[in-house]
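Read the structure below first, then the notes.
The values are calculated or read from the model by the stated rules, or taken from the named source; none is laboratory data. The structure displayed is predicted, hence computed values, not measured ones. So basically every Cβ, Gly included, is an ideal-geometry build from the backbone, and we count neighbours across all protein chains shown.
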């Protein structure tokens, strides 16, 4: 680390990200443009390591980069934000999404288990029988509805 900040490589190593991630986050507005050294090197404040770790942790929790940007913006403007735009509200929304995905995965798991128990070994032949546990009809209907939107 230099006396006036971290170079790109140092920051990337300290935060556990790829150096190209820094430039991408700058373009996305997640990171402020860094100062430059007299030699033209990008110099980031030390607290940028924490910011990068926060961004990566939020992504691991399922937040998109757009959502992370909104959360960071809301935290920068705490005094004038609405109650429905902060972390608690966003975390509740993300939790609801995760719980829905888990429910969907449980249905998929149970259906696959039923297919294994039924001895389905040919998708086309299985789809033509009344005892087929695979939801071919519902899936086809769902795709048809999605096509008409």
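Please report, ordered by residue number, the helices (runs of 4 or more DSSP H) entirely within region 18-128 with at least 2 residues that are within 30 Å of residue 8 (Cα to Cα) and touching a helix residue (DSSP H, G or I) at 6+ places or on another chain (Cβ under 9 Å).
Those helices (runs of 4 or more DSSP H) span 19-28, 48-60, 65-76.
Residues 110, 104, 70, 93: which one is over 30 Å from residue 135 (Cα atoms) and either free of Cβ contacts under 8 Å to residues at least 24 places away in the same chain or in the same structural domain as residue 133 (by TED's automatic domain parsing) (or both)?
Among 110, 104, 70, 93, only 70 is over 30 Å from residue 135 (Cα atoms) and either free of Cβ contacts under 8 Å to residues at least 24 places away in the same chain or in the same structural domain as residue 133 (by TED's automatic domain parsing) (or both).
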